[in-house]
Amino acid sequence: MRISSLSILLASALFGSAQAVEREADSYNIDTDITIKTDQRTRGISDSLLEPSLMLHTEIAHESGLIGLFEVARISKKQFPDGSGAAITLGLGYRWGDPDAWHFGVGAATERFPGAKFQAPHSFDMGTFTPGDFKTTDFNSDFLLFEANYGALEGRMLYVISDTYRGADTGGVCGQMLQLATDPTKALECYGRGDHNSRGTMLFDLDYTVDLMPATTLTLHVGHQKVKNFKEADFTDYGVGLTRTQWGLDWSLDWYSTNTNAGELYKVADGNKLRATDGDAVVFSITRRF
């Protein structure tokens, strides 16, 4: 089993020294998987600019209910400028309850985009009709998590405690709308509300998994994000996924759809054209578990 050094640090933080872990070898599980996919999607939005991606996921679960998470995925440098082309997620939580009935979880997580940032105007002078007060914003986000599940039905709520959620502030939202919208009216209304961040954003997810056959599962998903101070960035996403375990691999086919309020927030410049990252998509992926 190959484990990254960061995952080992997570394990040490959870369970103490390596010697202690060795003595309690039967009290925890480490699950690692690598996934190749045709597109990297988060809440229905492409993070890899509609291109293939590779993701490493490691989860450490202790019999006490403690759980640690490490995940790294390839993303587009065009969407996340000046960055390393990687999105890193770290999480720590606690789960309890009956897996076949009510079970719950609480935790905290952080999503990091090393080096990725952008500069945008955080104000607009209506008199001279010019933008001003340029500031730099990164995409890093921190969350608190609560989940309540019953059997195959899983519900989650994330509350954003960082200053911004994936760069959503006055520059990131109003500035993007002003730059790409054909009608600047809504962008100017956005600026008219003042300079704000998106701390307090809430993300909701509901998933239901059905076992169609012994090695085949169907997952239905609906999610919603309520972005603090920026109703333009609110949207609902939907998904249907089919996974088949065969030859030691998980073969998945997922359909994603989003209902966004402002499509220009999800357009990315790729050379001399704009590409929409919020369109409907079918994603094929292969996962190897260790």
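The values are calculated or read from the model by the stated rules, or taken from the named source; none is laboratory data. Source: prediction; values computed, not measured. Because the Cβ atoms are built from the backbone with ideal geometry, glycine has one as well, and the counts that use them run over all protein chains shown.
Tabulated values for the structure
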read-out	value
Options T217, T164: the member that is at pLDDT 95 or above and either of a type in the set (G, A, S) or assigned to a loop (DSSP other than H, G, I, E, B) (or both)	T164
Filtered residue count, the stretch 185-211, keeping only those that are in contact with a Leu (Cβ under 6 Å, 6 or more places away or on another chain) and either free of Cβ contacts under 8 Å to residues at least 12 places away in the same chain or within 21 Å of Y165 (Cα to Cα) (or both)	2
Test for R112: is it of a type in the set (K, R), out of contact with any Lys or Arg (no Cβ under 9 Å at 6 or more places or on another chain), more than 28 Å from Q179 (Cβ to Cβ) and in contact (Cβ under 8 Å) with a residue 24 or more places away in the chain	no
Qualifying position, being out of contact with any helix residue (DSSP H, G or I) (no Cβ under 8 Å at 6 or more places or on another chain) and either surrounded by fewer than 18 Cβ atoms within 10 Å (Cβ to Cβ) or not basic (K, R) (or both), among D183, D195	D183
Some residue of the stretch 231-239 being surrounded by 15 or more Cβ atoms within 10 Å (Cβ to Cβ), outside any strand (DSSP E or B) and of a type in the set (K, R)	no
Any pair with Cβ under 9 angstrom, 6 or more apart, that starts in the stretch 233-256 at a residue that is farther than 30 Å from G175 by Cα and ends at one that is assigned to a strand (DSSP E or B) and of a type in the set (D, E)	V240/D254; G241/D254; L242/D254; T243/D250; T243/D254; R244/D250; D250/D33
